[in-house]
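Take a look at the structure set out below.
What follows is calculated from the coordinates using simple rules that are stated; it is not laboratory data. Note that the coordinates shown come from a computational prediction; the quantities given were computed from them, not determined experimentally. All Cβ positions, even for glycine, are placed from backbone atoms using ideal geometry, and neighbour counts span all protein chains on display.
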Amino acid sequence: MTIASYRRILLKLSGEALMGDGQYGIDPATVTRMAGEVKAAQDTGLEICLVIGGGNIFRGMAGAAQGMDRAQADYMGMLATVMNALAMQSALEQLGVPTRVQSAIEMDKVCEPVIRRRAQRHLEKGRVVIFAAGVGAPYFTTDSGAALRAAEMKCDALLKGTSVDGVYNADPKLDPNAVRYDTLSYDRVLQDNLKVMDASAVALCRDNSIPIVVFSIREQGNLARVLSGQGTATTVHQKD
C-alpha cells in the first residue's frame, strides 16, 4: 500500500512540537497551525487518530532522572498528554472538525475512556479521535501508546511528526554529513538503534505490519505533501 492510498492513519506528535518557539508549555498559534494541518489531511477523506506526547509540560523519565519515583513521574507525564489533547481538541473544533478525546486514565469530566469500538464509530462518523494518557501504565512511552492505538484501530500507517524530515544515520543537527534514509526495515532500525521510536513501539508496528512514516511537522503543509506522496519522509516497513 502506498502512502497516497492510506485510508486511516495515526498521527503521533511530540509534545515539544506544541511549544512553537517557546521553551515550555503550549503555544496557541502553533496548536492552531497544526490543527489546520490535520483538518487539511482529513478533508482528503482520511480517517485520523492522534497521539500527542507531553514533553512540553512534563516528561516522566526526566523526573525520574532527578530522583522522583519513576511510576509517579510517568503518571504525571500522562496527565500532561491529556492537557495537550484537550488543547488540540479545542483548536480542531474551532476549525469545524468534530473531535473526541479518549484517555487511558479515566477522567469522565473532561474526556471519554478508551473504548475501541466507540473510537472506531467516531472515525466512521468523520470525527478525529485523540488518544491521551499513553497506555495508562508507567514505564511505557507515548510512542508505545501510539503503536498500540494504531494496531487497535487497524490504521494503515503510523505517521510520526518530528522536527527533522526523516531518519538519518546520525543527528543532522550535529553532523552536517548525516545521510537521510528514504526507506528502512524495522529490523534495521532496531539493530542500528536509530531512535525512530522506542524499541517496543517499533517491534509492535513490525509485528502488525504497520508502516512508520517519519517526517517534519514544523514545515507548513508538510503533512498533506507527505500523504500525497510528494513530501520528504522516511518510511519504515518490512524491507529496505
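Under 5 Å from the amide H of Gly231 lie the amide H atoms of Val226, each residue being 5 or more positions distant or on a separate chain, with H modelled from the backbone and absent for Pro and chain starts. When only Cα pairs below 8 angstrom with a gap of at least 6 residues are kept, region 30-128 shows a relative contact order of 29 percent. With one equal scatterer per alpha carbon and no solvent term, the Debye-computed log10 I(q)/I(0) for region 3-237 at 0.07, 0.13 1/Å reads -0.20, -0.73. Residues in region 57-68 carry Karplus couplings, in order, of 10, 7, 10, x, 5, 5, x, 5, 5, 9, x, 6 Hz; the curve used is 6.51 cos²θ - 1.76 cosθ + 1.60 with θ = phi - 60°, and Gly or Pro positions show x. Summarising the strand pairing of region 3-237, around 15 percent of its internal DSSP beta bridges are antiparallel. Note: relative contact order over region 1-82, using C-alpha pairs below 8 Å and six or more positions apart, is 33 percent. Close amide H pairs (under 5 Å, H built 1.01 Å from N) link Leu184 with Thr235, Val236, His237, residues at least 5 positions away or on another chain. Residue separation of Asp198 and Glu219 scaled by 0.36 nm, minus their Cα-Cα distance, works out to 5.2 nm of gained length.
With θ taken as phi - 60° and the Karplus curve 6.51 cos²θ - 1.76 cosθ + 1.60 applied, the whole-hertz 3J(HN,Hα) list for region 152-168 is 4, 8, 6, 6, 6, 6, 10, 9, 10, x, 10, 8, 10, 8, x, 9, 10 Hz, x standing for glycine and proline. Rounded to the nearest whole Hz, the Karplus-based 3J(HN,Hα) values (6.51 cos²θ - 1.76 cosθ + 1.60, θ = phi - 60°) of region 77-92 follow the sequence x, 4, 5, 4, 5, 5, 4, 5, 4, 5, 5, 5, 4, 4, 5, 5, with x at glycine and proline. For the listed peptides 175-182, 115-122, 217-224, 8-15, a ranking on the average number of other beta carbons within 10 Å per residue, highest first, reads 8-15, 217-224, 115-122, 175-182. With contacts taken as Cα pairs under 8 Å at a separation of at least 6 residues, the chain carries a relative contact order of 22 percent.
Within region 7-94, the chymotrypsin sites (Phe, Trp or Tyr not before Pro) that combine a DSSP coil assignment with at most 13 other C-beta atoms in a 10 angstrom radius are Tyr24.
Amide hydrogen proximity for Ile130: with H placed 1.01 Å from N in the peptide plane, the residues at 5 or more positions away or on another chain lying under 5 Å are Leu50, Arg100, Val101, Gln102.
Listed by chain and number, the lysines whose alpha-carbon sits under 17 Å from that of Lys160, ignoring those within fewer than 8 places in the same chain, are Lys12, Lys39, Lys195.
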